[in-house]
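Below is one structure, written out as structure tokens; the observations come after it.
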Amino acid sequence: MEASKVIHAIYNDDDVLMNAVKQVKAAKYHIDEVYTPFPVHGLDKAMGLAPTRLAICAFMYGCVGLTVATLMMNFIMIEDWPQDIGGKPSFSYLENMPAFVPIMFELTVFFAAHLMVITFYLRSKMWPFKNAENPDPRTTDDHFLMEISVTGNQNELESLLGQTGAVEINIVDKAH
Amino acid sequence: MYTLSNRLKIVSLALIVVGAILWGTGYYTSHHVTQDDVKIMLAEEASHGGHGDAHAVADTHATESVAHGDAHATNDHAEAGHTEVDHGDAHAEHVMHQIHNRPYSALYIAAFFFMMIALGALAFYAIQQAAQAGWSPLLFRVMEGITYYLLPGALIVVAIAVISGDHIFVWMNPDMVNPESADYDKLVAGKSGWLNTTGFVIRALIFITGWSVYRYFSRKFSLAQDDAPAGDTRYFVNNFRISAAFLVFFLYTESMMSWDWIMSVDPHWFSTLFGWYVLAGMLVCAVTVMAMITIYLKSKGLLPNVNNSHIHDLAKFMFGFSIFWTYLWFSQFMLIWYSNIPEEVTYFITRIEDYNLPFFGMVAMNFLFPLLLLMNSDFKRVSWFVIMAGVVILAGHYIDIFNMIMPATVGDRWFIGMPEIGAVLLFAGLFMFIVFYAISKQSLVPKGNPFIKESENFHY
């Protein structure tokens, strides 16, 4: 197990943080992670993170939901126990389709939303009873924390972060 | 600052002239159709088996007439019951009237379509003012340009409605409410307290006056704010106040306008969410036209501060309002389909049997197409993509209005031919000329708006 040093620069405003991230990136440092109490728009782009693929998942989950709804309603209302819907006993899924549209819509949304949240948790390695990873509890309240690994340029980095408006700069030994 | 180029003037003039010629030809040819021509035509169709569908429709209508217990043999009207027995002269006369109605309806649909773009833009603009939106002030001059068409456009719509009379609005025929007449219709007579020509004109004038007065003062305050000394936001605040008041007025009058100007073409039929439905279509078209004009002006380098986040936001509204439109379209359809009450469901039976392609094609154009095309966040920032989606959306909503008016006035005698295309070109030319004239009048940046800085720095 190798111990490595990281710098924790703490900010108390999201606009200051955004500008700091841009300056640090411009100075060609690699930002390991940023912890924020709320989502900051455009932060992922500023940090140079790869675009999220969650939207593609959501679309596919929605398609699954639509399929499930169609098959389910076809089984329940047409095949297993044929129903006379709205006084139109056609016993055809297609002809009764308008009655099923609300269900198809709801299950599309239900599948997309729930599976997307579950995917997000799995992808972020979050599960019940897991210990929090954020190094400073203040990042759940009103502070923003930028984590950068130190590789022999500690002084330069500290002065750069100082200029960007960090309210606090800590050097932390991080066990890997 | 934009100057109206000669090329644009020539293009819009050419559109007006070509459109007028096409429409005029369509009018001339259909107006000279006599009852004898129709008989020959019907005989030919019958021998080709082409009239089979219309017979099926006739059956439905006949049932409906019986259900109503009144023989409304009004010949101007597609819904009017023509029974199987008198398929001779009465039917020929009915079809002749439908053929005569077509150019009037074509003109009315196109006039309404372009008017509703301006009206939707006015509502959208008022929402921006009332919400004190920070992203949109850079687009205010474009919106104000579009709303300039509202006054002439709405007056033209009302003029066409009144001049066409019972060619479009069957209830304008005095025989419909005359108990002595063979054309007397109990239901229309029962609604004559609201549906009468005098009331129609008075209400139309109230609507148009209200909208135009708001438009006049809002534009005036918007321009005055530019010249106001720094820190003086008096005009901005005034604009906020009148916009909030206007939105209340608008929601009532827009709803009533949709009953008067559209829903009353089928005077037996009614839908309680019709006003919302028309509003949704109106807003999609307005935002689409805003996006198109913004992209055009930006491509000329005239809106340097408009960035792709503004385009992205407009495209989001195009997407969102398209979904909203579909929601209302489907809500209206499903409730009527489910309950299956004859006097309501006849509306959709006519459309599904006689207008199958435009009716379902429009759902594909107005829902599936924008849903799949504009879902991706990155596509919403690509100008040519927004334009392409916008063209389909506008065409789709034209067909939406077409489906609202045509089945009531021409029945199954519809086609998108010379009068329809001519009328669209005519009003497209007029719209383009008036809107770009208004845009050329003032600086494109409302520099006095207190949120202009936020709008310039806008990013999502």
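The values are calculated or read from the model by the stated rules, or taken from the named source; none is laboratory data. Only a predicted model underlies this, so the values are computations on that prediction, with no experimental measurement involved. Using ideal geometry, Cβ is built from the backbone for each residue, glycine included, and neighbour counts are taken over all protein chains shown.
Mind checking whether some residue in the range B:277-286 is part of a loop (DSSP other than H, G, I, E, B) and either under 20 Å from B:SER212 (Cβ atoms) or away from chain A (no Cβ under 14 Å) (or both)? No, the conditions are met nowhere in the range B:277-286. Within the option set B:PHE385, B:PHE427, B:PHE402, being aromatic (Phe, Trp, Tyr), touching a residue at least 12 places away in the same chain (Cβ under 8 Å) and touching a Ser or Thr at 6+ places or on another chain (Cβ under 9 Å) holds for one residue only, B:PHE402. Within the range B:406-427, identify whether any single residue is in contact with a Lys or Arg (Cβ under 9 Å, 6 or more places away or on another chain) and aliphatic (A, V, I, L, M), and answer yes or no. There is at least one residue in the range B:406-427 that is in contact with a Lys or Arg (Cβ under 9 Å, 6 or more places away or on another chain) and aliphatic (A, V, I, L, M). For residues in the range B:321-333 being in contact (Cβ under 8 Å) with a residue 24 or more places away in the chain and not hydroxyl-bearing (Ser, Thr, Tyr), which is farthest from the other protein chains (Cβ to nearest Cβ)? So the residue we want is B:PHE321. Looking for whichever is small (Gly, Ala, Ser) and in a helix (DSSP H, G or I) here; the options are B:SER271, B:SER331. Which one fits? None of the others qualify; the one that does is B:SER331. Of all the residues in the range B:194-218, those that are surrounded by fewer than 18 Cβ atoms within 10 Å (Cβ to Cβ) and not aromatic (Phe, Trp, Tyr) number 12. With respect to (1) out of contact with any helix residue (DSSP H, G or I) (no Cβ under 6 Å at 6 or more places or on another chain); (2) at pLDDT below 90, the lone exception for A:ASN96 is condition (2).
With respect to the conditions (1) within 14 Å of chain B (Cβ to nearest Cβ); (2) more than 24 Å from A:VAL34 (Cβ to Cβ); (3) not small (Gly, Ala, Ser), A:PRO51 falls short on a single one, namely (2).
Mind listing just one residue for me: the one in the range A:47-103 that is within 21 Å of B:PHE348 (Cβ to Cβ) and of a type in the set (D, E, K, R) and, of those, nearest to the chain's Cα centre (by Cα)? Checking each candidate, the answer is A:GLU95. The one condition from (1) without any contact (Cβ under 8 Å) to a residue 12 or more places away in the chain; (2) more than 17 Å from A:ALA166 (Cα to Cα) that A:LYS5 does not meet is (1).
For A:LEU115, the requirement of being more than 14 Å from chain B (Cβ to nearest Cβ), surrounded by fewer than 12 Cβ atoms within 10 Å (Cβ to Cβ) and without any contact (Cβ under 8 Å) to a residue 60 or more places away in the chain is not met. Residue selection: B:ASN366 satisfies the criterion of being crowded, with 17+ Cβ neighbours inside 10 Å and touching a Gly at 6+ places or on another chain (Cβ under 7 Å).
Listed by position, the helices (runs of 4 or more DSSP H) inside the range B:334-449 whose residues that are within 14 Å of chain A (Cβ to nearest Cβ) and under 30 Å from B:ALA291 (Cα atoms) number at least 2 are B:356-363, B:369-373. Of the candidates B:ILE206, B:ILE242, the single residue that is outside any loop (DSSP other than H, G, I, E, B), within 21 Å of the chain's Cα centre (by Cα) and not small (Gly, Ala, Ser) is B:ILE206.
Could you run through the range B:381-398 and say how many residues are surrounded by fewer than 23 Cβ atoms within 10 Å (Cβ to Cβ) and out of contact with any Phe, Trp or Tyr (no Cβ under 6 Å at 6 or more places or on another chain)? Qualifying residue count, the range B:381-398: 9. Surrounded by 13 or more Cβ atoms within 10 Å (Cβ to Cβ), within 14 Å of chain B (Cβ to nearest Cβ) and not acidic (Asp, Glu): does that describe A:LYS174? It is false that A:LYS174 is surrounded by 13 or more Cβ atoms within 10 Å (Cβ to Cβ), within 14 Å of chain B (Cβ to nearest Cβ) and not acidic (Asp, Glu).
The single residue among B:VAL306, B:VAL284 that is within 22 Å of B:VAL157 (Cβ to Cβ) and touching a Ser or Thr at 6+ places or on another chain (Cβ under 7 Å) turns out to be B:VAL284.
Going through (1) under 15 Å from B:ALA291 (Cα atoms); (2) surrounded by fewer than 24 Cβ atoms within 10 Å (Cβ to Cβ) one by one, B:GLY120 falls short only on (2). Please go through the range A:132-152 and give me each residue that is surrounded by 11 or more Cβ atoms within 10 Å (Cβ to Cβ) and either free of Cβ contacts under 8 Å to residues at least 24 places away in the same chain or part of a strand (DSSP E or B) (or both), ordered by number. Across the range A:132-152, the qualifying residues are A:PHE144, A:LEU145, A:MET146, A:GLU147, A:ILE148, A:SER149, A:THR151.
Among the residues of the range B:185-193, is any surrounded by 13 or more Cβ atoms within 10 Å (Cβ to Cβ), part of a loop (DSSP other than H, G, I, E, B) and free of Cβ contacts under 8 Å to residues at least 60 places away in the same chain?
Yes, that holds for at least one residue.
Can we say B:SER218 is touching a helix residue (DSSP H, G or I) at 6+ places or on another chain (Cβ under 7 Å) and assigned to a helix (DSSP H, G or I)? The answer is yes for B:SER218.
Of the residues making up the range B:292-315, those that are away from chain A (no Cβ under 14 Å) and assigned to a helix (DSSP H, G or I) number 12. Against the criterion of being surrounded by fewer than 17 Cβ atoms within 10 Å (Cβ to Cβ) and of a type in the set (Asp, Glu), B:ASP378 qualifies.
Among the residues that make up the range B:84-103, is at least one of them closer than 30 Å to B:ARG215 by Cβ and either at pLDDT below 95 or in a helix (DSSP H, G or I) (or both)? No, that holds for no residue.
Within the range A:78-88, being surrounded by 12 or more Cβ atoms within 10 Å (Cβ to Cβ) and within 14 Å of chain B (Cβ to nearest Cβ) holds for A:GLN83, A:ILE85, A:GLY86, A:LYS88. Only one entry in A:LEU107, A:LEU122 is farther than 30 Å from B:SER339 by Cβ and either surrounded by 12 or more Cβ atoms within 10 Å (Cβ to Cβ) or away from every other protein chain (no Cβ under 14 Å) (or both), namely A:LEU122.
Working only within the range B:222-240, note down all residues that are under 21 Å from B:ALA118 (Cα atoms) and buried (at least 21 other Cβ atoms within 10 Å of the Cβ). Those that are under 21 Å from B:ALA118 (Cα atoms) and buried (at least 21 other Cβ atoms within 10 Å of the Cβ): B:SER222, B:ASN239.
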